[in-house]
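The values are calculated or read from the model by the stated rules, or taken from the named source; none is laboratory data. Note that the structure is a prediction, hence the values are computed from the model and not measured. Backbone-built Cβ (ideal geometry, glycine too); neighbour counts: all protein chains shown. We work out accessible area using only protein heavy atoms, side chains counted, and drop any ligands, DNA or RNA first. Shrake-Rupley method; radii C 1.70, N 1.55, O 1.52, S 1.80 Å.
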Amino acid sequence: MTVWSRLRPYVMVAPSIAVFSIFFIYPIFYMIFLSFYNWDFINPVKEFVGFNNFVEMFQNSEFLQVLTNSLNYTILSVSLSIVISLGLAMWLNREGAWYGFVQGALFSPHIISLVSVSLVWMWLMDPKFGLLNAILEMFGMQKLDWLSSPDSSLLSLVLVAVWKGVGYNALIFIAGLQSIPKDMYEASALDEANRWRTFYKITLPMLSPTLFFLIIINLIGSFQVFETIAIMTNGGPVNSTNTLVFYIYEYGFRYFKIGYASAAGVVLLLVVGLLTLVYFKLLSRRVHYQ
Amino acid sequence: MTTASKSIVRVLNVTAMLVLVAIFVIPFLWMISTSLKSYSETVIFPPKWIPSEIMWSNFAAAWNSGPFLKYLMNSVVVSISILLLQFTTITLAAYAFARYSFKGDKLLFGITMVTLMIPGQLIFLPVYLLMSKWGLINNLLALILPFSSSAFGIFMLRQSFKQVQEELIEAARLDDAPEWKIILKIMVPMARPTLVTFALFSFIAHWNDYFWPLVMTTSDAARTLPIGISKLREVDGGAAWHILMAGNMILVIPILIVFSFAQRQIIKAFVYSGVK
């Protein structure tokens, strides 16, 4: 073997590995390092403070609210999105031009920029002149404050997330449903099992890899929500929609507390890391009962 | 079931489908309708769907409210550069991972898989510091370099390279074809569907991206279309919904047109990326 043929694979992967190491792997370690320092980004000296940033953070009621907001947002949007999209998938998993069209309409928000989605929904939810309140009034219901009240702001963002996300989730579910062998259903039809029983005994277990994949992917995605908040609410009113990534952004770029923001970043790292581990564990165990 | 109850079920089914489609289409129609209204018609309640006079001038007003040509050019340059760089880097890496076994290949592929799970929202702060140290803030390179390879692309392409028949490659090697020729003449054509899928996926993601350009820029020099559109909120104290929706159309319409032509392909691309 020539030297070149031995070297070749390394040369071929080098550009990619360099990009991943410099822009993804190294920054993780740099962020962990920074979380132990006080630094305002301008001062050349970083002051080592040990775990102070973390202590300060968990004593800060604002941060605790941010964490609660993130959890509420994530749990609500993921559970709603999964349940609704599973229902839609069972309903729309049929051949035919019509079903294709409906699936396309459902999916369209997924390829639209979050900027557009946020702006359109901000306008739909306008308390005075928005379409949503006009529809509520048409049905004789009370107008809502949507984004402008701390009681409904987070729920309004959940609504937008579900609207944007169900189409994608439903199509993944449909792909999962189509991979279930037809003869399993034929067997259960012979057994005269009712629909619910068929769902619990066949569909759900066979769909479990897809289900777990979607739950984890949605959890990771929801915990990083940023765009809708930055555009629609700016974290308000009164911090009711301030979530983790927006909080890191504000502390880093508005208050220049780099160490503190990095400490909040480490919390996000732990959440994402944990979910990723669970995902790979499940993947290697293959959640499947055939 | 009797024929009567069958047709009732069918009517219910069609009605439910229409409601469902409405939920997803009405926001877009509302955007189009607003973008063609005059200001005074955006502030009436209950709202009107059809404007009494079509205000095409809203589009010019939106376009002229900022350096939109600059934003558009930046968006085009960033998405296309990313795509071209990614094609090069992922083809090379995927070929190496699929076709060679070498010391440390597991570790290097592991690094790739870990990267697949690291979102930009997690590492933007340290990467910002890095870019600022290199003087790349407000430079398009800060928007391009971190995405000049793609872990997801390598993962996808490696799968399709592995499926290329061994005989084809052996035959080429017997003909003394150099490796670069095998890649370009055999592997890339065989993996064309995967590359198209990946291209759609990557282009849409970076064309739409708001987060990364937002955190890596502080001036209009390197800002992209999504940032420009979001800044239309500042026009007339944020109440100019007709201008905002007109600007929004500029961002949405190209994607919707592409989607209506390549719907099947795009849906396949995204679903594939989910199912893997």
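Side notes on the structure shown:
- Options A:L219, A:L144; residue that is in contact with a helix residue (DSSP H, G or I) (Cβ under 6 Å, 6 or more places away or on another chain) and open to solvent by 30 Å² or more (accessible area, probe 1.4 Å): A:L219
- Filtering the stretch B:194-211 to residues that are in a helix (DSSP H, G or I) and charged (D, E, K, R) leaves nothing.
- Flag if A:A261 is closer than 20 Å to A:L159 by Cβ, small (G, A, S), facing chain B (nearest Cβ under 9 Å) and not in a loop (DSSP other than H, G, I, E, B): no
- Residue in the stretch A:51-70 that is of a type outside the set (D, E, K, R), within 13 Å of chain B (Cβ to nearest Cβ), under 24 Å from the mean Cα position of the chain (by Cα) and closer than 30 Å to B:K106 by Cβ present: no
- Condition check for B:W49 on (1) within 14 Å of chain A (Cβ to nearest Cβ); (2) farther than 18 Å from B:M249 by Cα: one failure, at (2).
- Of residues in the stretch A:234-274 being open to solvent by less than 20 Å² (accessible area, probe 1.4 Å) and among the polar types (S, T, N, Q), the one nearest to B:L122 (Cα to Cα): A:S262
- Hey, A:G235 among the small types (G, A, S), within 14 Å of chain B (Cβ to nearest Cβ) and under 13 Å from A:Y73 (Cβ atoms) or not: no
- The listed residues are A:L106, A:L7, A:L80, and the only one of them that is surrounded by 22 or more Cβ atoms within 10 Å (Cβ to Cβ) and assigned to a helix (DSSP H, G or I) turns out to be A:L106.
Residue-wise test of (1) under 28 Å from A:E137 (Cα atoms); (2) touching a Ser or Thr at 6+ places or on another chain (Cβ under 7 Å); (3) basic (K, R).
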residue: B:W49; (1), (2), (3): yes, yes, no
residue: B:F59; (1), (2), (3): no, no, no
residue: B:F68; (1), (2), (3): no, no, no
residue: B:N74; (1), (2), (3): no, yes, no
residue: B:S79; (1), (2), (3): no, no, no
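- Restricting attention to the stretch B:13-47, the residues being under 30 Å from A:G87 (Cα atoms), open to solvent by less than 50 Å² (accessible area, probe 1.4 Å) and not hydrophobic (A, V, I, L, M, F, W, C) number 2.
- Here B:A60 passes the criteria (1) in a helix (DSSP H, G or I); (2) within 12 Å of another protein chain (Cβ to nearest Cβ) except the one numbered (2).
- Only listed residue being modelled with pLDDT of 95 or more and either more than 27 Å from B:I204 (Cα to Cα) or away from every other protein chain (no Cβ under 14 Å) (or both), chosen from B:V77, B:V127: B:V77
- Output for the stretch B:26-61, where each listed residue is closer than 19 Å to A:L124 by Cβ and at pLDDT below 90: B:Y39, B:E41, B:T42, B:V43, B:I44, B:F45, B:P46, B:P47, B:K48, B:W49, B:I50, B:P51
- The set of residues from the stretch B:203-225 being at the interface with chain A (Cβ under 7 Å from one of its Cβ atoms) and in contact with a Pro (Cβ under 7 Å, 6 or more places away or on another chain) comprises B:N208, B:Y210.
Residue-wise test of (1) assigned to a helix (DSSP H, G or I); (2) exposed (fewer than 15 other Cβ atoms within 10 Å of the Cβ); (3) in contact with an Asp or Glu (Cβ under 6 Å, 6 or more places away or on another chain).
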residue	(1), (2), (3)
B:I80	yes, yes, no
B:I90	yes, no, no
B:I111	yes, no, no
B:F124	yes, no, no
B:V127	yes, no, no
B:M131	yes, no, no
B:G135	no, yes, no
B:L157	yes, no, no
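- Of the residues in the stretch B:248-264, not one is more than 11 Å from every other protein chain (Cβ to nearest Cβ) and touching a residue at least 60 places away in the same chain (Cβ under 8 Å).
- Residue within the stretch B:244-256 that is closer than 14 Å to B:Y71 by Cβ, exposed (fewer than 15 other Cβ atoms within 10 Å of the Cβ) and not assigned by TED's automatic domain parsing to the domain that holds B:V78 present: yes
- Close pairs from the stretch A:27-54: first aromatic (F, W, Y), partner open to solvent by 40 Å² or more (accessible area, probe 1.4 Å) and part of a loop (DSSP other than H, G, I, E, B), Cβ under 6 Å, at least 6 apart: A:Y37/A:K46; A:W39/A:K46; A:F41/A:F256
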